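Trainee: Dumping the structure here so I can ask a few things about it.
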Amino acid sequence: MNTLSELQDFITNGHKHYMPHISIDAAIFGYHDHQLKILLSGYKALGGYCLPGGYIKRTETLDEAANRIVAESTSLTDLYLKQYKTFGDPDRIKWSELDFEKFSKEVGVPYIKDSWLIDQTISVGYYALTDFSLVTPKAGLLSDSCNWFNIDEIPPLLYDHDQMVKDSLHTLRTQLYYYPIAEKLLPTKFTLTEIHAVYETLLGKKLDIRNFPKKLVFLGLIKKLNEKRNIGPHRAPFLYKFDLKKYTKALETGTTLT
């Protein structure tokens, strides 16, 4: 959390700089060494965890706001980031005066009646994908902590954020079959085993190692190099790399991997 004076200024004057009642929440997935994690922000004053999020500046587009919020939480820029759903059910997040007064006392700032933060809030959901070993998690203005959790060890989340995680993970796994979005999770040169492991971990299921990488080669998204990696006696697999021109085109057109 930032200083109390910054927090107080945000609560008092935030509506001058941010759009009230509409926020962005980001499901930031991290992959490394066959592990899939998700980044969560902790809120002691609320007694639980949420996805990292924030409000949209009046001068920003949605994508600009999402990129800023993700960068503030990860200390990284230019991550693969995609909007997947808007959450606007009645009472999904609707602070009453009583709720806000209690929150103000918990964080140690004076209570402001009729704050711009009170009332129903709509959230635009984005998901991002990165190598979690490169991330330096950072707590936001209202949160106390920001940490990685294994995807199968997520604590119960506040509000409707459990549904957000479910929907974002489903979208990620569905779009893996249509967009080659795993490029940023691999070194520039990689083996078929490595790219197979990325897709298998992200999808949460076993893939035929004989056929799945061949589909990527067949589509021209990756190409074989005249180089090998020595990884042990009698083990020197060929290296591959993404064809960035075809990869970029596939991102634009939605090349199917099925």
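The values are calculated or read from the model by the stated rules, or taken from the named source; none is laboratory data. Keep in mind that what you see is a predicted model, and the values were worked out from it rather than measured. Quick reminder, even Gly has a Cβ in these numbers, built from the backbone with ideal geometry, and neighbours come from all protein chains shown. We work out accessible area using only protein heavy atoms, side chains counted, and drop any ligands, DNA or RNA first. Shrake-Rupley method; radii C 1.70, N 1.55, O 1.52, S 1.80 Å.
Trainee: Test THR77 against the criterion of being at pLDDT below 95 and within 20 Å of the chain's Cα centre (by Cα), and give yes or no. First the steps, then the outcome.
Mentor: Numbers: at pLDDT below 95: yes; within 20 Å of the chain's Cα centre (by Cα): yes.
Criteria met by THR77.
Trainee: In addition: Do any strands (runs of 3 or more DSSP E) lying entirely in the range 66-179 carry at least 1 residues that are open to solvent by less than 30 Å² (accessible area, probe 1.4 Å) and under 14 Å from PRO52 (Cα atoms), and which ones are they?
Mentor: Ranges flagged: 122-131, 145-150.
Trainee: With TYR247, TYR199 as the choices, which residue is among the aromatic types (Phe, Trp, Tyr), free of Cβ contacts under 8 Å to residues at least 24 places away in the same chain and either in a helix (DSSP H, G or I) or over 22 Å from TYR126 (Cα atoms) (or both)?
Mentor: TYR199
Trainee: Oh, and also: Being touching a residue at least 12 places away in the same chain (Cβ under 8 Å), more than 18 Å from SER73 (Cβ to Cβ), open to solvent by 30 Å² or more (accessible area, probe 1.4 Å) and in contact with a strand residue (DSSP E or B) (Cβ under 6 Å, 6 or more places away or on another chain) is true for just one of LYS223, LYS189. Which residue is that?
Mentor: LYS189
Trainee: Same structure, new question: Restricted to the range 54-65, and to residues that are surrounded by fewer than 20 Cβ atoms within 10 Å (Cβ to Cβ) and closer than 28 Å to LEU176 by Cα, which residue is farthest from the chain's Cα centre (by Cα)? Steps first, please.
Mentor: Of all residues in the range 54-65, those surrounded by fewer than 20 Cβ atoms within 10 Å (Cβ to Cβ) come to 57-64.
Cutting the leftovers down to closer than 28 Å to LEU176 by Cα gives us 61-64.
Details: THR61: 18, LEU62: 15, ASP63: 13, GLU64: 15 Å.
So, considering only residues that are surrounded by fewer than 20 Cβ atoms within 10 Å (Cβ to Cβ) and closer than 28 Å to LEU176 by Cα, the one farthest from the chain's Cα centre (by Cα) is THR61.
Trainee: Which one is nearest to the chain's Cα centre (by Cα) among residues in the range 192-216 that are under 13 Å from PHE29 (Cβ atoms) and open to solvent by less than 50 Å² (accessible area, probe 1.4 Å)?
Mentor: LEU202
Trainee: Here's something else I'd like to know. Name every residue in the range 198-212 that is modelled with pLDDT of 90 or more and either touching a Leu at 6+ places or on another chain (Cβ under 7 Å) or of a type in the set (Asp, Glu) (or both), in order of residue number.
Mentor: Selection gives VAL198, TYR199, GLU200, THR201, LEU202, LEU203.
Trainee: Now a separate question. When the range 2-11 is examined, which residues are found to be open to solvent by 50 Å² or more (accessible area, probe 1.4 Å) and either among the aromatic types (Phe, Trp, Tyr) or out of contact with any Phe, Trp or Tyr (no Cβ under 9 Å at 6 or more places or on another chain) (or both)? Walk me through it before giving the result.
Mentor: Kept after step one, since they are open to solvent by 50 Å² or more (accessible area, probe 1.4 Å), are these residues of the range 2-11: 2-6, 9.
THR3, LEU4, SER5, GLU6, ASP9 - these are the residues of the range 2-11 that are open to solvent by 50 Å² or more (accessible area, probe 1.4 Å) and either among the aromatic types (Phe, Trp, Tyr) or out of contact with any Phe, Trp or Tyr (no Cβ under 9 Å at 6 or more places or on another chain) (or both).
Trainee: Separate question: Looking at ILE22, ILE38, which one is open to solvent by 40 Å² or more (accessible area, probe 1.4 Å) and either part of a strand (DSSP E or B) or in contact (Cβ under 8 Å) with a residue 60 or more places away in the chain (or both)?
Mentor: After applying the criteria, what remains is ILE22.
Trainee: Considering ILE122, ILE181, which residue is under 30 Å from VAL109 (Cβ atoms) and out of contact with any helix residue (DSSP H, G or I) (no Cβ under 6 Å at 6 or more places or on another chain)?
Mentor: ILE122
Trainee: While we're here: Taking into account only those residues within the range 43-53 that are modelled with pLDDT of 95 or more and part of a strand (DSSP E or B), which is least open to solvent (accessible area, probe 1.4 Å)? Explain how you work it out, then say what you get.
Mentor: Within the range 43-53, the first condition is being modelled with pLDDT of 95 or more, and the residues that meet it are 49-53.
Those left that are additionally part of a strand (DSSP E or B): 49-50, 53.
Details: TYR49: 69, CYS50: 9, GLY53: 38 Å².
Among those residues, the one meeting the criterion is CYS50.
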